[in-house]
Each structure stands twice: as C-alpha cells, then as structure tokens.
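Asks: Dumping the structure here so I can ask a few things about it.
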Amino acid sequence: MPYVNQAEGSMFVKFNTKIDNEDSELYINSFTSSTKKLMNPLLRSGHPLKDDEEGIWIDEDYAKIHNLKEGDKIVLEFKGIKKKVKILGTVLDAENIYFITSYAETVPDHKRHGYAYISEKYINKILGIVSYNQVRLDLLEKPVSKSKLEKDIKRIMGDSFSSVVMKENKISITQVDEEINQIHKMAMLFSIVFILLSILSIYTTMSRLISNQMVQIGTLKSLGFYDRQIYFHYGAYGFLVAIIGSLVGVIFGYTVVANIVMNIKKATLTLPIWKKSFGIDSMILIVLIVTVCTLAAIITTRKVIKNNPSFTIKGMLDKKSSGPGIYKKSRLSYDWLWTLRSIRIHPIRTFMSITAIVGSIVLMVAGLGVWDSLYSSYQDVYNNEFCYKYIGQVYGESYNNLSRKFNSFDVQFAQSETADFSFHGIEKSGSLLVLDSGDKIRIFDAKSKKKIRIEKDEVAIASQLAEQLDVKVGDKIAYKTKSSLNEHRVTVTAIVDAKMPQGIFIYKDKVKNFEPNTIYIGDSEAYEQAKKEESISNIISIKKQQDNMKEMMDSVHSIMYILIVAAFVLSVVILYNLGILSYLERYREYATMKVIGFKHSEIMGMVFKESVLNLLTGFVIGIPLSKQFLKLYIRVVSMDSMEWTPIIAKDHFLIVIFCVIGFSVLVNLVVSMRIRKIDMVEALKSIE
C-alpha cells in the first residue's frame, strides 16, 4: 500500500495474575526493536525496553496501586501456563490515557486491570509460540479514508482480517476528547452568564467608588483642571484596580482552581506530566475586564463632570425632573409614587438590578440543575434500565453452548459493539446492543413510558440518537460495526427512553450471527456458575459500576461546586453594590425625608417596595429563562454516550429563590442601618 510508511505485527494477549491474593488481569503487548518505534511507550522507571531482555514492563498506575517496583516478580497465567517473570520497569502508553477494558467500566480500575510489554523473544519462550493478532500501521501524511484502508487490508489479508481501529477512534482517546469537550463547553456556556454578572459587578463597584469621589471631582473642576485630566486620573484608577484584580485572579485561578480541577481529573486520566497553561481566551477575558473597568470609571466620572461644579462640590448632581404634575391625578400612595419616580430617574440602575437577579437565578439553577440532572439520569439507569446484579465478559464460546450451560440460571446474554449509524447522510457513532430474551436490560417507550419487549419490537433506538439522526419509527437505518466491513440495514420499530448506552437495541434473531460477548447475571447462583466458566471473565457487580459512576460524577460535581460558589459570591457583590450605590445617590433625599418628619419605617418601606418590584420582575424573567438555559446547558454538555435529562429538584430550586431573596433582604438591612445613622446636618448643609 503506497500510503503506508511502516507496518509491524505484534501479539496482544490477556494474562491473569494474582497479587496479595487478589485476581487481576494484565493486557500484554509483544514488541521487537521495530514495533517498539510504533508503540512508543514512555519509560517511567527501570531498564529501557530491549527485545533481548527477559522480563516485563508494566503500567505505572497498576504498579503503584499494587506496590510493585523494579526487581519484583509476578506470576503470569495463560491457559494453564504459569510463569514467574521479573519486573524490569514501568511505562505509560498514550493509547491508554483512559484505560478501560469493556464498556461496562465507566472509569479505569487500575487494581483489576493493567497493561504491559514483553519482548517477542521472551513471550515466545513463555508460550512456545508468537501469533500476531495486531498490525500497527504508520501512514504517510497524505490522508486516507478508513473505508479505503479497510478494503485494501481485506484484499491483502483475506479472512484473517477482522477490523480497523483508527488511533483517534480508540476508546481511551475518544473518552478523553469527550471529557475535554464537555468541560470546555460547560465552562464556555456558563461563562457567558458568568462574565455578564462579572461585568455588572465591576461596573457597579466602579460606579460606587467614583460616586464617593463626587466632591473631589467637583473641587478639581472648580480649581481649573481640564476634563481630560480628570478623565485620565479616574480612568487610570479604574485601569489599575482592574489590573491588580486580574493579576490576583490569575494567580488564584492558576495556583488554586486549576490544581483543584487537575486533581479531580487525575483520578481517571493518566498523564506523565500535568501541565497548566495560560490560553489566549484568558488573555481576552483580562483585556475585556480591564476595558470594562476603565470605561465604567470614565462613564461614571462623565456623569459628574458634565454637571455644574456648584452642584458636584456639594455632593449633588443637577437632576432634571418633570415635577409633580404627572403624579397629581394618580391614586397611588406617596411611597409608591416615590418608588416609581426613582425607577424612572434611574433606569440603568433598575435594569442592572433586574439583570443581576435574573443572572443569579440562571447561574445557580444551572449549577444545581446539572447536579440534579446527572444524579437523576444515573439513578434512572441503575434503578430502571440495568436490572442485573453482575456483568461479565464472554470470550470464545458460542451462544448455543452458553445457553445450554445457563439454561436454568437467571442470566441474559448480549453482543455489545461500537458501531457507526447513518441515515440520509447523517452519521453518528454509538453502541449496538444485540440482546437475547430476558429482562436484565429494560428499555421504555420514549412517549408512553411503557416497557418495551425486545423480542416483539426487535429494533429500538435511543431517543437522543434518534433526534441526532432525525429518525422516526418505520425508517430504515444503516449501521456498520467496528469488527465488520459489511453495512447492515434495519427498520426502527420503537424509539426508547434509554439514557445509556446511546445506540440501537436489536433482538438476536435480527442479526445473522449472534456472538455474545457480555453476560448479565441476575443472582448469586448464576454468579457462582459464571465464575467457574473459563470463557467468562472480568465479572463486576452493579454496585461497583455505581461506585465508578459516582467517582466520575464527583469530578463534574466538584467543578460545579466552584461555579455555584462563584455565582453566589457574584450575586452578593452585585446586589450589595447596587444597594449601596442607590443609598449614595439618595443620601440627601433620605436626610430630607427625616427632616420633614418621615419615620424610619416609612423610609424603609419605600426602599423595600423598590426592592420587591425588582425582585418580582427578576423572578418573572429569571425563572422561565433559567429553566430554558438549563435545558440548553444540559443539551450542550451531554456526552454522546449518555443522555442527561434536565431537571432541578424542588428543594434546590427553593434554595435558589430564598438565596436571592436573602441577598436582597441583607442589602436592605445594610441600607437601613446606614439610613438610621445619617447625620442630617452634614447631609443637608452646603459645602463652603
């Protein structure tokens, strides 16, 4: 083949081993000096890989969890052959960043499974034979389609050819890509609202700081300073504050938050070096924050500069009012009229208050909603869909033999494969699950929620995949498994609400050759029988699967913790700044009210009414918007391998509502204390 630069055969075989009386499996690759160049494992400790050495180089994670080191010996077992071999070193393989051995595993289990390398000469000495079952190809830079590669290899190898797996399609690589994309999309979509709230926080903070400088700005202008000088002074102030804040944020994010996220991912991913990087998107965000902060200072300064210094030097702005005429015919009480007048005079501040409330609700609902959606979806999978007690892998035994052996036991067999599905030019990858009779895997109609009997409906497609392919009941869908070159077509008879796996479910009679590779075990008796069978291995309990899934969920939850806490803090800062800014703008008004006889409770009643109006408006907009955002968020961050149902628990939703109300009440209490402490003489006297 002209597009192949190098082709090397190797033997890939699974050995059993026992360490500290615990069974585990090592998936061993044979190598020569030439195949080693294509495999390219990274040596982490011990001797370099040499094809004349008698020993084994094992997966570093497997070695660590079993306290193995160079010089130790382990016993390998394969079909009655036992051999004690010496550990010559530890390695890491880029192809096994996320090392799982079957789709039943959701996270790597380094205690039960590892990979290793043994020289071809030594494995021949152990087994008495070397039988190549893999060929690695190094292709030239010219791109070659997978279909052409399959046809050319089939032409050369004939019936001995099984399938082609492109490097980028290996499960460990695709899983890592999916996780990277998921976190990236999660961060990007969350950041849109997050950045909006951050900008509001920055703007309100700078506005409050400049408002406190009103007298100083008026004094500078009275002394003859040019407007541009005052702009430059306060613009530089905003610029420096933003630069310092950005540097603190970068240092905190780089040293604390990044380490938290990396430690979460270290539990599932294996990398030789965990390196933090500072991307261009972070630089763009810093530039945006500095720009907003500087402009906020300049815009707020302009509001003061454009007024006559005779007003600003007294701490007042020359505000034009339409007078009381428009309110004469109103039947509203004075406090409501005062509230509406305040909203009309300060529309931007009112808009920012409502936006802050809406943004807070959206962010907190999204954060808690993702938590609830994950938990609810996985609970649905393990409580309703997966109804077995154990799951195991089947190797090299026919369905007829297996069904005869397990005829009186509570089991169900399945053939699980990765497949490419296509319909009207749209292609998607997913799982093909061929099932025999039984109820260990239960699926339900997407609309009626009634249980589907696979023996009757024969071909069912998961609703998420059906939506992606735009498939309806009665349509013919094409699929091609990774282990076959032939394309098959089946007619969809049902669309089901199956969270995991995402793909199609087919009854065994609809396929030409049913070759089960998975057994679902319903009780302890069947489990004991399965343990006796040489063709069945890697049996794990559904409890172990749930624990693995919880470990994976915890990584997402930990990221959501950070986002939820940040959302709470931002909400408090924005609402507090807006409350204090409102107080500063009305400082003299509050003092005047106290002088003419308004009681403190009456003044606070007006403040409370405006707060309630903002809250109600924010709730009316924020509650439906937050639910739609959660749906969008779940749709975007969901992996193709599983469907998440957007949901937020009632108690979590009430927590969000009460938090926003609590923030608002807290701000009102702070304003109340400040109003109570107003020095009326100082507030109302003219500055000489």
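Asks: Looking at (1) buried (at least 18 other Cβ atoms within 10 Å of the Cβ); (2) of a type in the set (A, V, I, L, M); (3) in the same structural domain as ILE504 (by TED's automatic domain parsing), can you tell me which one ILE391 breaks?
Replies: (3)
Asks: For the range 93-109, indicate whether the set of residues that are within 30 Å of MET500 (Cα to Cα), modelled with pLDDT under 90 and part of a strand (DSSP E or B) is non-empty.
Replies: The answer is no, given that none of the residues of the range 93-109 is within 30 Å of MET500 (Cα to Cα), modelled with pLDDT under 90 and part of a strand (DSSP E or B).
Asks: Pairs please, first residue from the range 432-455 and on the phi > 0 side of the Ramachandran plot, second anywhere and part of a strand (DSSP E or B) and surrounded by 18 or more Cβ atoms within 10 Å (Cβ to Cβ), Cβ atoms under 6 Å, 6+ apart in sequence or on different chains.
Replies: GLY438/GLN412
Asks: Restricting to the range 24-65, name every residue that is of a type in the set (Asp, Glu) and more than 21 Å from TYR98 (Cα to Cα). Break it down stepwise before answering.
Replies: From the range 24-65, those of a type in the set (Asp, Glu) are 25, 51-54, 59-61; that's our starting set.
Scanning the range 24-65 gives ASP51, ASP52, GLU53, GLU54.
Asks: Anything in the range 300-323 that is modelled with pLDDT of 80 or more, part of a helix (DSSP H, G or I) and surrounded by fewer than 16 Cβ atoms within 10 Å (Cβ to Cβ)? List them, or say none.
Replies: ARG302
Asks: Of all the residues that make up the range 45-54, how many are in contact with a Phe, Trp or Tyr (Cβ under 9 Å, 6 or more places away or on another chain) and more than 11 Å from GLU120 (Cα to Cα)?
Replies: Qualifying residue count for the region: 3.
Asks: Something else about it: Could you grab the pairs with beta carbons closer than 9 Å, sequence gap of 6+ or different chains, first residue in the range 463-484 and under 16 Å from VAL434 (Cβ atoms), second one part of a loop (DSSP other than H, G, I, E, B) and among the hydroxyl-bearing types (Ser, Thr, Tyr)?
Replies: These pairs meet every condition: THR481/SER163; LYS482/SER163; SER483/SER162; SER483/SER163; SER484/SER162; SER484/SER163.
Asks: Which of the helices (runs of 4 or more DSSP H) contained wholly in the range 112-231 include at least 2 residues that are within 30 Å of THR35 (Cα to Cα) and within 42 Å of the chain's Cα centre (by Cα)?
Replies: Once the helices (runs of 4 or more DSSP H) in the range 112-231 are filtered for at least 2 residues that are within 30 Å of THR35 (Cα to Cα) and within 42 Å of the chain's Cα centre (by Cα), what remains is 146-157, 171-211.
Asks: Can I ask one more? Can you tell me which residue is nearest to LYS111 (Cα to Cα) among those in the range 258-277 that are modelled with pLDDT under 80 and not aliphatic (A, V, I, L, M)?
Replies: The selected residue is THR268.
Asks: If you scan the range 408-420, which residues turn out to be buried (at least 17 other Cβ atoms within 10 Å of the Cβ) and modelled with pLDDT of 90 or more? Outline the logic, then answer.
Replies: Taking the range 408-420 and keeping what is buried (at least 17 other Cβ atoms within 10 Å of the Cβ), we get 410-420.
Correct list: ASP410, VAL411, GLN412, PHE413, ALA414, GLN415.
Asks: Tell me, which helices (runs of 4 or more DSSP H) wholly within the range 446-546 include 2 or more residues that are exposed (fewer than 15 other Cβ atoms within 10 Å of the Cβ) and either out of contact with any strand residue (DSSP E or B) (no Cβ under 8 Å at 6 or more places or on another chain) or of a type outside the set (Phe, Trp, Tyr) (or both)? It would help to see each step written out before you state the result.
Replies: Values: elements: 454-457, 463-469, 524-532.
Here the list reads 454-457, 524-532.
Asks: How many residues, within the range 379-416, are in a helix (DSSP H, G or I) and in contact (Cβ under 8 Å) with a residue 60 or more places away in the chain? Break it down stepwise before answering.
Replies: Taking the range 379-416 as the starting set, the residues that turn out to be in a helix (DSSP H, G or I) are 379-385, 399-405.
Still in the running and in contact (Cβ under 8 Å) with a residue 60 or more places away in the chain: 380-382, 384-385, 399, 402, 405.
Qualifying residue count, the range 379-416: 8.
Asks: Now for a different question. Read through the list (1) in a strand (DSSP E or B); (2) small (Gly, Ala, Ser); (3) within 30 Å of ILE539 (Cα to Cα), then give the number of the only condition that SER422 fails.
Replies: (3)
Asks: Next up: For the range 123-164, give me each residue that is exposed (fewer than 14 other Cβ atoms within 10 Å of the Cβ), farther than 28 Å from LYS82 by Cα and among the aliphatic types (A, V, I, L, M).
Replies: LEU140, ILE156, MET157
Asks: Report yes if some residue within the range 231-254 is outside the structural domain of PRO108 (by TED's automatic domain parsing) and under 30 Å from SER172 (Cβ atoms); otherwise report no. If you could, list the steps in order and put the result at the bottom.
Replies: Residues of the range 231-254 that are outside the structural domain of PRO108 (by TED's automatic domain parsing), as a first pass: 231-254.
Among the residues that remain, those that are also under 30 Å from SER172 (Cβ atoms) are: 253-254.
Yes, the range 231-254 contains a residue that is outside the structural domain of PRO108 (by TED's automatic domain parsing) and under 30 Å from SER172 (Cβ atoms).
Asks: So, one more: Within the range 661-670, is there a residue that is touching a His at 6+ places or on another chain (Cβ under 9 Å) and assigned by TED's automatic domain parsing to the domain that holds MET188?
Replies: To start, the set of residues in the range 661-670 that are touching a His at 6+ places or on another chain (Cβ under 9 Å) comprises none.
Checking the range 661-670: not a single residue is touching a His at 6+ places or on another chain (Cβ under 9 Å) and assigned by TED's automatic domain parsing to the domain that holds MET188.
A quick yes/no check of all residues on (1) closer than 29 Å to ILE171 by Cα; (2) assigned by TED's automatic domain parsing to the domain that holds SER10; (3) crowded, with 18+ Cβ neighbours inside 10 Å; (4) of a type in the set (Lys, Arg):
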{"residue": "GLY80", "(1), (2), (3), (4)": "no, yes, no, no"}
{"residue": "LEU88", "(1), (2), (3), (4)": "yes, yes, yes, no"}
{"residue": "PHE99", "(1), (2), (3), (4)": "yes, yes, yes, no"}
{"residue": "TYR115", "(1), (2), (3), (4)": "yes, yes, yes, no"}
{"residue": "LYS121", "(1), (2), (3), (4)": "no, yes, no, yes"}
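The values are calculated or read from the model by the stated rules, or taken from the named source; none is laboratory data. Note that the structure is a prediction, hence the values are computed from the model and not measured. Heads up, the Cβs are rebuilt from the backbone with ideal geometry, glycines too, and the neighbour counts pull from every protein chain shown.
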